[in-house]
Amino acid sequence: MSELARKFQRDLNAGLVALVLLGVLAESDEDLYGYDIAKRLQRARDGDPLFKEGTIYPVLRSLAASGWLSSRIVPSYSGPPRRYYRITEEGRAVLTEWRSVWRATRDFVDQFTGPSPLTESSPTDV
């Protein structure tokens, strides 16, 4: 990937990280900690996540500070304590609204760039 493409990807990711994290937590039946979320994102992209693991931690803290995630700290036998996150009802409402905005934005961009393969074949959106 060229440096120009990397910069474009970073700029796109700035707003998408929160949307994706809310989506991951909304789909989970259990509380998740940062490393587990990072691994899920990595698996979703066959080991090549769109954003670095270190990017998600400040966003998780920000989402929790906004009241969209609840968190709890659990001691870990293999290292430092882990902070587990769960989406709140307010977070689910925000996610619903953001999904709508994302779809409208994606559809608008697709008018000028053509639909992406994900747009055509994905049964669910972020």
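The values are calculated or read from the model by the stated rules, or taken from the named source; none is laboratory data. No experiment lies behind these values; they were computed from the predicted model shown. A quick note on method: Cβ atoms are made from the backbone with ideal geometry, for glycine too, and the neighbour counts reach across all protein chains shown.
Only residues that are of a type in the set (A, V, I, L, M), outside any helix (DSSP H, G or I) and in contact with a Phe, Trp or Tyr (Cβ under 8 Å, 6 or more places away or on another chain) were counted in segment 50-72, giving 1. All conditions in (1) surrounded by fewer than 18 Cβ atoms within 10 Å (Cβ to Cβ); (2) over 13 Å from the mean Cα position of the chain (by Cα) hold for Pro58, with the sole exception of (2).
Per-residue answers, yes or no, for (1) within 25 Å of Arg10 (Cα to Cα); (2) basic (Lys, Arg):
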residue	(1), (2)
Leu50	yes, no
Glu53	yes, no
Ile56	yes, no
Leu60	yes, no
Leu63	yes, no
Arg72	no, yes
Pro75	no, no
Ser78	no, no
Pro81	no, no
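Does segment 23-32 include one or more residues that are small (Gly, Ala, Ser), at pLDDT 95 or above and assigned to a helix (DSSP H, G or I)? Yes, that holds for at least one residue.
Does Val94 qualify as being over 15 Å from the mean Cα position of the chain (by Cα), surrounded by 12 or more Cβ atoms within 10 Å (Cβ to Cβ) and aliphatic (A, V, I, L, M)? No; evaluated as a whole, the condition is false for this residue. Only residues that are surrounded by fewer than 13 Cβ atoms within 10 Å (Cβ to Cβ), of a type in the set (Gly, Ala, Ser) and either in contact with a helix residue (DSSP H, G or I) (Cβ under 8 Å, 6 or more places away or on another chain) or part of a loop (DSSP other than H, G, I, E, B) (or both) were counted across segment 1-22, and they come to 1. The condition of being surrounded by 13 or more Cβ atoms within 10 Å (Cβ to Cβ), charged (D, E, K, R) and farther than 24 Å from Asp11 by Cβ does not hold for Arg99.
If the condition is being closer than 14 Å to Ser28 by Cα and without any contact (Cβ under 8 Å) to a residue 60 or more places away in the chain, then segment 72-87 contributes only Tyr84.
Taken over segment 73-116, the criterion of being over 20 Å from Gly34 (Cβ atoms) and assigned to a loop (DSSP other than H, G, I, E, B) is satisfied by Gly114, Pro115, Ser116. Counting the residues of segment 33-49 that are among the basic types (Lys, Arg) and either in contact (Cβ under 8 Å) with a residue 60 or more places away in the chain or outside any helix (DSSP H, G or I) (or both) gives 1.
Listed here are the residues, each with its yes/no results for (1) of a type in the set (Asp, Glu); (2) under 15 Å from Ala18 (Cα atoms); (3) touching a strand residue (DSSP E or B) at 6+ places or on another chain (Cβ under 8 Å); (4) modelled with pLDDT of 95 or more.
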{"residue": "Ser70", "(1), (2), (3), (4)": "no, yes, yes, yes"}
{"residue": "Ile73", "(1), (2), (3), (4)": "no, no, yes, yes"}
{"residue": "Tyr85", "(1), (2), (3), (4)": "no, yes, yes, yes"}
{"residue": "Glu90", "(1), (2), (3), (4)": "yes, yes, no, yes"}
{"residue": "Ala104", "(1), (2), (3), (4)": "no, no, no, no"}
{"residue": "Phe108", "(1), (2), (3), (4)": "no, no, no, no"}
